[in-house]
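Please read the structure below before turning to the comments.
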Amino acid sequence: MISVLPTPSLALSGALSVSLQGLALSFGLIVAIGAQNAFVLRQGLRREHVGSVVLLCAVADALLIVAGVMGMAHALGERPGLARVLALAGAVFLAVYGWRALRRAGQAQRLQASEGEKGEKSLSRGAILAQAAAFTLLNPHVYLDTVLLVGSIGAQQPAALRGWFVAGASSASLCWFGLLGFGARFLAPWFARPKAWQVLDALVGVTMFVLSALLVRHAWAG
């Protein structure tokens, strides 16, 4: 019997596809009007410890994603039937999330973050990072998104491609927080416009529906 090994081009194509799925999923979940994003934007406007704040938020997300993928991979390895259930549950969650994003697209919202009043005392790096950690880790949704949802979807990827999925999902956090922090002065007026968030929410909604359909196909094929 002759076995056919995947060519390097096919292997690279599969890795890029999985990485893009992780990127799109994580980006769709992280882009929202919330306290953490407003805090990062505010630090960018004030130009205080921006790099440290961006790094902490991105690293925290990456660690939670890794923990989720590794933990869920172990659970799915012991319970093969659980993979289909989680895939279908994830598809339903993403469809609901996408529907909510499309509903938000029809509403006027804006992300506002003040630079702070003149003369306001600057906080130390440690105090700022403590606030960033609180905004990141005390939000229960972060565990639902990164550990459970992203983790369960990443764990269903082939073992050789899970690292690519994690890299794609983690890079979404790094790019988004970096954009908010270092591009704050240019992006703040844009984010203050409701129309911008309506367009962004529409894109997120469509992306979530596409990912939901991919999960349904994965569960059906499995």
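By the beta-carbon count within 10 Å of each Cβ, the least crowded to most crowded order of 136, 146, 207, fewest first, is 207, 136, 146. Computed over the chain, the per-residue total of -39500 (n - 2.57) for DSSP H runs of n ≥ 4 gives a 222 nm mean residue ellipticity of -25000 deg cm²/dmol, rounded to 500.
When you count the other C-beta atoms within 10 angstrom of each residue and take the mean per peptide, 83-94, 194-205 line up highest first as 83-94, 194-205. For the chain, the longest principal axis of the C-alpha atoms and the axis of helix 50-78 are separated by about 20°.
Provide the net charge surrounding residue 98, with neighbours chosen by a C-beta distance below 12 Å and charges set as Lys +1, Arg +1, Asp -1, Glu -1.
Numbers: positive: 100, 103, 104; negative: 201.
For residues surrounding residue 98, the net value is +2.
Relative to the Cα centre, the charge distribution of the chain, modelled as +1 at Lys and Arg Cβ and -1 at Asp and Glu Cβ, gives a dipole magnitude of about 440 debye. Debye sum, Cα scatterers, the range 44-92, no solvent: what log₁₀ I/I(0) at q = 0.30 1/Å? At q = 0.30 Å⁻¹ the computed log10 ratios are -1.02.
Here, each number is a calculation from the coordinates, and none is a lab measurement. Since the model is a prediction, treat every value here as computed from it, not as a measurement. All Cβ positions, even for glycine, are placed from backbone atoms using ideal geometry, and neighbour counts span all protein chains on display.
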